[in-house]
Amino acid sequence: MNFSGPLKVTFAPGLYVIKDGTIRESGGTFTGNGVSFFLTGYNTSIQLSGQADWHLVAPADGPLPGFAIFLDPDGPSGLAGSSSSLSGQSELYFEGIVYLPKQEVTVSGNASVVAPSPYTSYIGDTLRFVGNGDLVINNDTTLTQLPLPKAMKVQTGLQARLTR
C-alpha cells in the first residue's frame, strides 16, 4: 500500500491483510474505526513519513481484538523486514497495540511523532532515534474500551509486570 500527497483515506471497519509488502505513505490523512492491519510475508514493514496524520481505532472483537497493526514475523512466504520507520512530522493516533516483533523501529529526522490516543502500546525489538526525533505516547488504559491482553496489564504500585 503506497500513498503519496495530500490524500484523505477512510478505512471501513475490518481486517486488512498486507502480504509481501509495505504500508508506505508520505503525507495525507488516514482514518478508521474498528480497523486492524495484519502484515505478513517477505520483507513486510511500515514506513510512515512526511506530514501524515493517522487516526485508527482497533476493533474490540474479531480475529485481532485490540491490535491496530499486527506484524507476523515469520510469514508464509518469508521473514518480515528487519525494520520499520516513523519520520517527518506526523500524528499517530493508534488506539490499540502496534505490534512489530523482531523489528527495529526508527524515529528519524526532526520527527515529532505524537500518539495522542488514550491508549497506545508499541511493541518491537528495538526503538532507535536518529537526529532530533521524539516520540510522545499517552497511555491510560482506563480510557479505552478495547480489550487488553493479559501480558500487557500493569500491576499496581507503579511496577510493570508481564503476566502469562
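The values are calculated or read from the model by the stated rules, or taken from the named source; none is laboratory data. Just so it is clear, the model here is predicted, and its values are computed rather than measured. Heads up, the Cβs are rebuilt from the backbone with ideal geometry, glycines too, and the neighbour counts pull from every protein chain shown. With ligands, DNA and RNA removed, areas are computed over all heavy atoms of the protein, side chains included. Shrake-Rupley method; radii C 1.70, N 1.55, O 1.52, S 1.80 Å.
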- prompt: Failed condition for Leu79, given (1) among the hydrophobic types (A, V, I, L, M, F, W, C); (2) touching a strand residue (DSSP E or B) at 6+ places or on another chain (Cβ under 6 Å); (3) more than 26 Å from Val136 (Cβ to Cβ), with all others met?
  reply: (2)
query: Quick one: how many residues across the range 55-77 are among the hydrophobic types (A, V, I, L, M, F, W, C) and surrounded by fewer than 20 Cβ atoms within 10 Å (Cβ to Cβ)?
result: 2
field: Output for the range 2-33, where each listed residue is open to solvent by 20 Å² or more (accessible area, probe 1.4 Å) and on the phi > 0 side of the Ramachandran plot
entry: Gly5, Gly14, Asp20
field: Pick from the range 119-137, criterion open to solvent by 30 Å² or more (accessible area, probe 1.4 Å) and part of a loop (DSSP other than H, G, I, E, B), ranking: modelled with the highest pLDDT
entry: Val130
